[in-house]
1. Quick check, is ALA94 outside any helix (DSSP H, G or I), over 14 Å from the mean Cα position of the chain (by Cα) and among the aliphatic types (A, V, I, L, M)?
2. Looking at the structure I just gave you, is ALA57 surrounded by fewer than 14 Cβ atoms within 10 Å (Cβ to Cβ), of a type in the set (Gly, Ala, Ser), assigned to a loop (DSSP other than H, G, I, E, B) and out of contact with any Lys or Arg (no Cβ under 9 Å at 6 or more places or on another chain)?
3. Does the stretch 60-73 hold any residues that are surrounded by 12 or more Cβ atoms within 10 Å (Cβ to Cβ) and without any contact (Cβ under 8 Å) to a residue 12 or more places away in the chain, and which are they?
4. Return the total of residues in the stretch 74-111 being of a type in the set (A, V, I, L, M, F, W, C), surrounded by 14 or more Cβ atoms within 10 Å (Cβ to Cβ) and either out of contact with any Pro (no Cβ under 6 Å at 6 or more places or on another chain) or more than 16 Å from PRO14 (Cα to Cα) (or both).
5. Is it true that ALA2 is surrounded by fewer than 20 Cβ atoms within 10 Å (Cβ to Cβ), closer than 19 Å to TYR77 by Cα and without any contact (Cβ under 8 Å) to a residue 24 or more places away in the chain?
6. Return the residues of the stretch 5-45 that are without any contact (Cβ under 8 Å) to a residue 40 or more places away in the chain, assigned to a loop (DSSP other than H, G, I, E, B) and over 14 Å from PRO104 (Cβ atoms); say none if nothing qualifies.
7. Just one of GLY27, GLY11, GLY86 is small (Gly, Ala, Ser), at pLDDT below 95 and over 12 Å from the mean Cα position of the chain (by Cα); which is it?
8. If a residue must be without any contact (Cβ under 8 Å) to a residue 24 or more places away in the chain and basic (Lys, Arg), how many such residues does the stretch 88-116 contain?
Amino acid sequence: MAIEAQDYDAGAPPSGPGCQECEESRGWWVHLRRCALCGHVGCCDSSPSQHATGHFAQTGHPLMRSYEPGEAWWWDYRTQESLAEGPALAAPLARPDDQPAPGPAGRVPANWRELIHR
């Protein structure tokens, strides 16, 4: 399936440096994903709460881009396929370098590996 103009908004900034819902609930994440349409930043499916997928389920926004430094891959929820390329989005394209993954600093439990989805 091709990426269409209605699938993204190149001018939408990310919602913040971390998962929006995890920040609100004082939760934590493994890795971050960014919605190409509205900029919502959510946590990946390995994370306890899987907010990026929840965002798709709630909104129908089909494209997510990795929000990790050094990564530029995409996920299309409609086809359940990873994409190597996607449209240019507004900066920043990744979480801050000083924020760890998993994160955020100070909220990740010591046994986090036992708590993730695989």
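The values are calculated or read from the model by the stated rules, or taken from the named source; none is laboratory data. It should be emphasised that the depicted structure is a prediction, and the values quoted were computed from it without experimental measurement. Reconstructed Cβ throughout: ideal geometry from the backbone, glycine too, with neighbour counts over all protein chains shown.
1. no
2. Taking the combined requirement at face value, the residue does not satisfy it.
3. TRP73 - this is the single residue of the stretch 60-73 that is surrounded by 12 or more Cβ atoms within 10 Å (Cβ to Cβ) and without any contact (Cβ under 8 Å) to a residue 12 or more places away in the chain.
4. So the count comes out to 7.
5. Yes.
6. Hits for the stretch 5-45 are ASP9, SER15, LEU37, CYS38, HIS40, CYS44.
7. Selected residue: GLY86, the only one of GLY27, GLY11, GLY86 that is small (Gly, Ala, Ser), at pLDDT below 95 and over 12 Å from the mean Cα position of the chain (by Cα).
8. Selection size over the stretch 88-116: 1.
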